[in-house]
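Notes follow the structure.
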Amino acid sequence: MYFGIDAHTAWTDSLLNNALLAFACFDITLILRYHRSSGKSWYMPLLWCVGLATASLVAIHYIAGYLYGNTPADALFEHTVPLRFAFFFVVIGAFMLLDRLLHYQRAQDESNERRLNLEKLGKEAELSSLRQQLQPHFLFNTLNSVSSLISIQPEEARSMIHKLSDFLRGTVKKNDGQFVDLASELNQLNLYLDIEKVRFGHRLNTEAEQDEAALPMMLPPLLLQPLVENAIKFGLYDTVGTVTIRITARAEKGYLVITIRNPFDAETARPRQGTGFGLTSVQRRLYLLFARNDLLQTRADKDTFTVTVKIPQRP
C-alpha cells in the first residue's frame, strides 16, 4: 500500500518469496543429509547459504519479470534485493544451524543409548557370571556329599540326587531379569535345605516365618540360597551339636525385609573363615540391580550372626 502496489500483486510477491525460501531450506536439508562436513570447515556452510540465497533471488528476478514486466512491483524488487538477500541468508543459515543442532542431538542420543546398552550388557554378563560361579560352588559340595553317601547310605544318596535334580530344574529358566515372588523363592530354598539336611542329618534345623503380605513380594531369584549356605557354614562347620537357622520375612514400607540368623562363635569361626563369596556375591547382585550398597547388612551379636536383606519393591 505504501508503494502503491495492489494487494493481489503484493500477495503474489510474498508467496513467491516464501515458496523459493522453503525450497532453499529443503535443499539445505538434502545437502546436509548427504554431506556433513566436520565442525572445523566453517566456510562450506557459509558458501552454501550464500549460494542458495543468490540462486533464490535470481529465480525470483526472472519469475517476477515474467509475471509483472515493467511494473512498480518489478521496480520494488530491484530496490529490495539487498534486503531480500539478507533475509534469505539469515533464514537459510538459521535453518541449517537448527538442522545441525538436531543432528548433533540425535548423534548424542544414539551414543548415550549405545553406552547404556553396553553398560546393561556388562551388568547382565556380570550377573550371569555370579550365577555361574554360585551354582558350581553349590554343586561341588552336593556332589562330594553324594559321593560319600553312595557306599554307606545309598538310599540317602539317591534321595539327594532326586532333590538336586528338582532344585536345578527350578533354576534353569530363571535369570536376573525375572524377579520371583517370595513364595516361589522359599519353595526353591526348601529344596536346597532338604539337600543340606541329607548331608547334615539331625544336626540341621530350620525355622521359617513370613508375613502373608510378604509372600507375593518380589526379589531376585536364588538370592537367599548363598545367604543360607553362609549361615549353615558358620553355624555347623565348627560345632558338634544341633544348629537352628531362622529365616523371617516381612513387608516394611515398600521393602521386602528378610532376616537370616544362625548361631555364631567368633573364636571358633575366625580361623575357619572362608572367602566370603556368598555375602559378597549377594551384595554385588543387589548393587547391580538397584545401584545401592545399603541393602545387605550383617551383625554379629554375642552368639548370633544376623544377615538382613532389604529388597525394594518396584511399581
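The values are calculated or read from the model by the stated rules, or taken from the named source; none is laboratory data. Since this is a predicted model, take the numbers as computed values, not measurements. Cβ atoms come from the backbone with ideal geometry, glycine included; neighbour counts cover every protein chain shown. Ligands, DNA and RNA are stripped out before the accessible areas are found, and what is left, the full protein with its side chains, is counted by its heavy atoms. Shrake-Rupley method; radii C 1.70, N 1.55, O 1.52, S 1.80 Å.
What the table below lists for this structure:
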quantity: Failed criterion for F88 (all others in (1) loosely packed, with under 13 Cβ neighbours inside 10 Å; (2) among the aromatic types (F, W, Y); (3) at pLDDT 85 or above hold); calculated: (1)
quantity: Failed criterion for S151 (all others in (1) modelled with pLDDT of 65 or more; (2) of a type in the set (S, T, Y); (3) open to solvent by less than 70 Å² (accessible area, probe 1.4 Å) hold); calculated: (3)
quantity: Boolean, R115 is under 23 Å from L20 (Cβ atoms), part of a helix (DSSP H, G or I), basic (K, R) and at pLDDT 70 or above; calculated: no
quantity: Residue ID - nearest to G254 (Cα to Cα), chosen from residues in segment 299-311 that are out of contact with any Leu (no Cβ under 7 Å at 6 or more places or on another chain) and not hydroxyl-bearing (S, T, Y); calculated: R299
quantity: Subset tally (residues that are charged (D, E, K, R), touching a strand residue (DSSP E or B) at 6+ places or on another chain (Cβ under 9 Å) and in a helix (DSSP H, G or I)) for segment 179-211; calculated: 4
quantity: Count - residues of segment 17-66 that are of a type in the set (A, V, I, L, M, F, W, C), out of contact with any His (no Cβ under 8 Å at 6 or more places or on another chain), under 18 Å from L97 (Cβ atoms) and modelled with pLDDT of 70 or more; calculated: 16
quantity: Filtered residue count, segment 216-249, keeping only those that are part of a loop (DSSP other than H, G, I, E, B) and open to solvent by 40 Å² or more (accessible area, probe 1.4 Å); calculated: 6
quantity: Among the residues listed as R199, R272, R284, R314, the single one being open to solvent by 30 Å² or more (accessible area, probe 1.4 Å), touching a Leu at 6+ places or on another chain (Cβ under 9 Å) and modelled with pLDDT under 80; calculated: R199
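Let's see how each residue does on (1) in contact with an Asp or Glu (Cβ under 7 Å, 6 or more places away or on another chain); (2) among the β-branched types (V, I, T); (3) at pLDDT 85 or above; (4) more than 23 Å from T142 (Cβ to Cβ):
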position: L227; (1), (2), (3), (4): no, no, yes, no
position: T248; (1), (2), (3), (4): yes, yes, yes, yes
position: E252; (1), (2), (3), (4): no, no, yes, yes
position: D303; (1), (2), (3), (4): yes, no, no, yes
position: T306; (1), (2), (3), (4): no, yes, yes, yes
